[in-house]
Every structure is written in C-alpha cells, then in structure tokens.
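The values are calculated or read from the model by the stated rules, or taken from the named source; none is laboratory data. None of these values were measured; they are calculated from a predicted model. Glycine gets a Cβ as well: all are built from the backbone with ideal geometry, and neighbour counts include every protein chain shown. Surface accessibility is based on the protein's heavy atoms, side chains included, excluding ligands, DNA and RNA. Shrake-Rupley method; radii C 1.70, N 1.55, O 1.52, S 1.80 Å.
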Amino acid sequence: MSADPKGANDPFFFGAATSSHQVEGGTQNDWTEWERANAERLVRNAERRHAANPWEAHLLARHFTPLKIENYVSGAAADHYHRFREDFDIAQSLGHNAHRFSLEWSRIEPEEGRFDEREIEHYRAVIGALRERGMEPFVTLWHFTLPVWMAAKGGTLAKDFPECLARYAAVVARAFKNDVRFWMTVNEPEIYSSKAHYKGDWPPQGRSFFAMLESGRQCARAHIAAYRAIKKENPAARVGAATDLIYFDAQRGFVSHFLKFIAERLWNTYFLRRAYRRMDFIGINYYFHNQIHNWFDKNQNEWLSDFGWEIYPEGLYHVVRAIGKYGLPIYITENGVADASDRHRERFLREHLHWLRKAVDEGADVRGYFHWSLLDNFEWDSGFWPCFGLVEVDYKTQARKIRPSALAYKELIEQWQRGTGEKK
Ligand code: BGC
C-alpha cells in the first residue's frame, strides 16, 4: 500500500471501467433470474423496434443470427472471470495505469451472512494481476446486480439494505486492506432507482415515483454505512461513489431555468447532497446532455451513437465545473459510446478529453478518467448488441480485437502526460 493514501502524489489515472455482471459470465444474481424470465419478451419488443432502427437489427444479426434470446441472457458474457489476465495485458499495452471494476456481491456473499473465501481469493488474484501490471485498482462494491437473497428482501427498498451493504463492505475492506486504496460503494444510484423502481425496465420492475425516491435515499444511507465500514477497517482508504450526472442545459427564460433547478435536485444532486460529507471523492459517469427549452429533451442531436444517444462532449466540462462546489476530488468513473464500427470513438475520446482538460486548466480537481468500457459487454436490458468496448469481443469464440480508437486513446493519454510533465 502506498505511503501516500490521500493520493497527492498519484499520477493522473487513465484507464477503462467494467462491471462484474456485464463481463464476467457465470453469475447467479437477481439479473440472471430476470434475464431467463424476460428474454423472450425483450426479443419481441426488439422485433417491433427494428423497423425503426435497422442498425440495431444489423448488429444483432451479426452476433446472433437470427435474432435470438441469447442476446438478452448474460450467460458467459465476455468470460472475463477466466480471462482477466489476458484482458489486463491488453489494458496495460494500451497505456492504462488504472482500472475500474466491480466485485460481484452475489459471488462473495451467496447466502446472507455466508462469505465465500474462494471468491474473495478470486478477486485477490484480480487485484494482484492489476498491481503486477502497474495499474491502480478502483473497486466498486455494488454495480446494479444483487444477490438473490438481497433482492428477495426488497433490494434497495429493504429496510436493512444499508446494513447489508455495510456488512459486505467490511468483509472485503478487511480482506483487501493492503491491496485496494480506492473504493466506490454504489454505482449510479439515480439510474438504478429510476430503472428498477420507476420506469419498470429493470428488476424488480417497480413503477412508483415515490419508490424511486426512497430507493435513492436508501442508496445514500447505504453509501454512508459502507463508507464507515470501510474506513473502520482501513482509515487510509479513499471511499467515494459513482454518480450519473446529466448536463441540464437551460436556454434563456424563467421556465427553462426553473426546470433545470428541479431536474438537478431530482437527479444530479439527489444522492450527492445526502452523501458528500461522507465521501473522499466523487465519481462522475457522464453520458447525457439534456437541453431545456420550456421543456426537456430539446437537443439538436447532431451527433448520435448506435444507441441513438446524443454525443455532447462539452457537457463533461459543465458537470465537472458544477460539481466542484462540493470541494472534493473528482474522478470520471465512466464515459463512453455504443459504437460497434468504431467510427465515433476516437473523436468521442479526443473531444471529451479536450473539455476535461479545459476544466482542469481552470482549476477543477479532476484526478482520473475511466473510459466505458474496456471490453464489449452485456448492456443490461438491451443485451449484447451495443458495443461500448475499446476492445471488441467475438462472443462465439471469445476472441479479443483491439479497436483502432483504443490506440488513439493511448496516444491521447501520452499527450496528456507530456502536457503535464508526468511520466507514464
Ligand atoms: C452503467 C453501465 C452501462 C453504461 C452504458 C452506465 O449507466 O454504469 O453499467 O453499461 O452506463 O449504458
């Protein structure tokens, strides 16, 4: 462990991010069950959508001819559980000096209160493999998937969700006390709470605005409990959380600014204003821009990903500047694009890093950038077709292929390091 736990002497961290369920394969959690029960329905919905989005149909056909439920079942995913060394070799060759990943809670605590030593050892090997390659591990405790027993109790809405997360946090913080400096307790509590409890897209498919808000509050309580648990085991650990921040871009006029104010309170700061006093850093996941002109979603949409999401690099600058008010170090814990043919990713990276650099030059305390994602992976209820990887995965053979943009990212990293006089 470094003698510099606060990280003042750390280099700027560059890397990529993954999450357990999306890449590991072979997981047994609430999502695995949900996928089995919902894959056929998702296929039928996709068939209906294809008329409007031939690109999705094309990508699906490429991997899964013809359209099949395999797209919607995580299954072996990218088999990263067995191939992490090979994958980290690639990340190292691409100039990454850090890597963000999540522990799969359901592997470590398959039954309530029973912790599986073998799985802890597995993650010890993962962390060791990163360290051997000179990459700093950034570890997320909980990235959307719940152990089946936790989901059965109500997931984030269970009264004891904070205690459960904290108990698990204490176990892993103790186990990896000498190996991990950077922890993220929860990933995107806003996205999770809205998709799982309001929009009905993700398990348990709730549809209540109030349940969404309660889930958000519970995530903040769980963060605080897990923060305390980790700090008790390892006072030198740096503990934060990854939040999804949207750049709400209000046009002139009172109505637009009022809507921005409400949206920011309900989305960008809902978790943060409850949790920031117990955070050593803020993790920002930046994907979305929302232009408000008397109502939401008035975006120009000049540049779109395979998903149809607008790409708006300048927004990263604005969210970073705005979040500076909390006075905490910032890491960009996710930022990426669904782009199977790799026609957007290089420009995407260049422009996002340009705006990030501007924020840093103006004094923002940003200390790292993690691209989403290292590998193509299982994109939740959309399945495998959206390709976010710097590295392409052929799911039939599990072969990896480095996309040209990954090499462009490597150059951008080197440029940044030259600019700041940092060596690799
Ligand atoms: C999530 C990832 C997801 C990515 C792209 C983020 O919301 O943390 O799990 O794959 O965005 O949608």
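Ignoring everything except DSSP H segments at least 4 long, calculate the 222 nm mean residue ellipticity for the chain; use -39,500 (n - 2.57) per segment, divide by total residues, nearest 500.
-13500 deg cm²/dmol
Using a probe of 1.4 angstrom, how much of the accessible area of region 125-200 is carbon and sulfur, in percent? Can you show the working numbers first?
Working: 1120 of 2120 Å².
Looking at region 125-200 in its full context, I get 53 percent from C and S.
For region 288-330, what size does the Cα cloud have along each of its three principal axes, sorted from largest down, in whole Å?
Largest first, region 288-330 extends 34, 27, 13 Å along its Cα principal axes.
Using a 1.4 Å probe, what is the accessible area per residue for region 13-418, in Å²?
38
Per residue and in Å³, how big is the convex hull formed by the alpha-carbon atoms of region 94-251?
In region 94-251, the Cα convex hull volume per residue is 138 Å³.
I'd like the carbon and sulfur percentage of the solvent accessible area for region 320-424, probe radius 1.4 Å, heavy atoms only, ligands and nucleic acids excluded.
Working: 1970 of 4070 Å².
Roughly 48 percent of what the probe reaches on region 320-424 is carbon or sulfur.
Quick one: work out the % antiparallel among DSSP beta bridges in the chain, nearest 5.
Beta bridges within the chain, antiparallel portion: roughly 15 percent.
How large is the translational diffusion coefficient of the chain in µm² per second when you combine the Kirkwood radius over alpha carbon pairs with Stokes-Einstein at 20 °C and 1.002 mPa s?
Values: Rh = 21.7 Å.
Reported coefficient: 99 µm²/s.
Based on Cβ point charges of +1 for Lys and Arg and -1 for Asp and Glu, what charge dipole magnitude is obtained for the chain about its Cα centre, in debye rounded to the nearest 20?
So the dipole magnitude of the chain works out to roughly 1020 debye.
Can you tell me the Rg and Dmax of region 222-352, counting just the alpha carbons, in angstroms?
Computed over the Cα atoms of region 222-352, radius of gyration and Dmax are 16.6, 50 Å.
How high is the relative contact order of the chain, given as a whole-number percent (alpha carbon pairs under 8 Å, six or more residues apart)?
18
Starting from the amide H of Ile332, placed 1.01 Å from N in the peptide plane, find each other amide H under 5 Å away whose residue is 5 or more places distant or on another chain.
Ile284, Arg367, Gly368, Tyr369, Phe370
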